[in-house]
Amino acid sequence: MSEKIPTRLIGLLSEILPSHYSHAQIDNLFLYCGAPEFSTDLSKPKKVQAWLRKINLESSEPLYVLGGVLEDFFSLPIVPVTHFSFGETDEETPTELEENQSKIRELLATCSLRLEGSKLLKLSETAPTIGLVERVRFRGLVEVETEIDRALKVVEADPAAACHYAVNALEATLKVYIEHKIPKYSGSDHLNDLAKTVFDDIGLRPKELDDKDLKQIASGMFSIVNGLMHLRNKKSGAHGRSSEQLKTYEIKPRHARLAVNSAHSLATYILELI
């Protein structure tokens, strides 16, 4: 089932969009972005609210439609407002558009949504993912970012595939570490072998740690890798499955979120050490 536009966001957009678009502009923008046809004599705020609700009811991908609308809104030109005071330094204050854009960004974050161009992505328990995305973009790691985006797009619609992509992101991160820190590595490409090589290089060897709490954490990291590896190999969308296996290995969105956050937390930690 596709993610719906949150009610709070519908309320805020019905207040903000009418301040920056005419009736005709609202009509053209919504239709251009793929909203279902809609004709009404309502005021602009009520029209936006009714149209967004109609998108939720009739569109197969409500967030996809809204993403196009928001892309246009965030691309509107900002004209600075300067206040002149005699004997004082001139000051530029935020425009109404800038303030409204900030309000929408804040609410998107609250709703665990992220706008990427015209794509409005649902982030699952976002803290680990946000930290990872920031580091990946800073380093220009396209191969890792691709897998992150794939996972985030399908957590609700196809949780098995999300698990697959989340583990791919961790695997790509391990390979990035090895390329930078262990360039002569010639071992296996299996996930657990890559992880063992990286953890050894970092110094995360549970047997060699004196502190029992750190020992337990390090052991837990290996357990996460093994769990993710088996999840991808046996239960994710990485392989074709029979109807019986589909019943036995049912992965729900909450399971996918657990896998995504676990994989992304580990990946973030590893990138911090390169």
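I'd like to verify a number: residues in region 143-172 that are more than 12 Å from the chain's Cα centre (by Cα) and at pLDDT 80 or above, how many? Don't jump to the end; show me each part of the working.
First, pick out the residues of region 143-172 that are more than 12 Å from the chain's Cα centre (by Cα): 143-144, 156-161, 163-165, 167-172.
This time we only want the ones that are at pLDDT 80 or above, so: 144, 158-161, 163-165, 167-172.
So the answer is 14.
Run S39 past the list (1) closer than 25 Å to T110 by Cα; (2) not in a helix (DSSP H, G or I) and report the number of the one that doesn't hold.
For S39, the exception is condition (1).
What are the pairs, 6+ residues apart or on separate chains, where a residue within region 62-79 that is open to solvent by less than 60 Å² (accessible area, probe 1.4 Å) has its Cβ under 6 Å from a residue that is among the β-branched types (V, I, T)?
Note: pairs meeting the criteria are P62/I5; P62/I55; V65/I55; L66/I5.
I'd like the full set of residues that are modelled with pLDDT under 80 and in a helix (DSSP H, G or I), limited to region 102-120.
A109, T110
Would you check which residues across region 1-33 are open to solvent by 40 Å² or more (accessible area, probe 1.4 Å) and under 22 Å from the mean Cα position of the chain (by Cα) and list them?
Matches in region 1-33: M1, E3, K4, T7, R8.
Restricted to region 160-219, and to residues that are of a type in the set (S, T, N, Q) and either part of a loop (DSSP other than H, G, I, E, B) or touching a residue at least 12 places away in the same chain (Cβ under 8 Å) (or both), which residue is least open to solvent (accessible area, probe 1.4 Å)? So that I can check it myself, show each step before the final result.
The first filter runs over region 160-219 and keeps only residues of a type in the set (S, T, N, Q), leaving 168, 173, 186, 188, 192, 197, 216, 219.
From the residues that got through so far, the ones that are either part of a loop (DSSP other than H, G, I, E, B) or touching a residue at least 12 places away in the same chain (Cβ under 8 Å) (or both) too are 168, 173, 186, 188, 192, 197, 219.
Working: N168: 26, T173: 0, S186: 109, S188: 39, N192: 55, T197: 35, S219: 48 Å².
Across region 160-219, the extreme among qualifying residues is T173.
The values are calculated or read from the model by the stated rules, or taken from the named source; none is laboratory data. Bear in mind that the values here come from a model prediction, so they are computed numbers and not experimental data. We place every Cβ from the backbone using ideal geometry, glycine too, and count neighbours over all the protein chains shown. We work out accessible area using only protein heavy atoms, side chains counted, and drop any ligands, DNA or RNA first. Shrake-Rupley method; radii C 1.70, N 1.55, O 1.52, S 1.80 Å.
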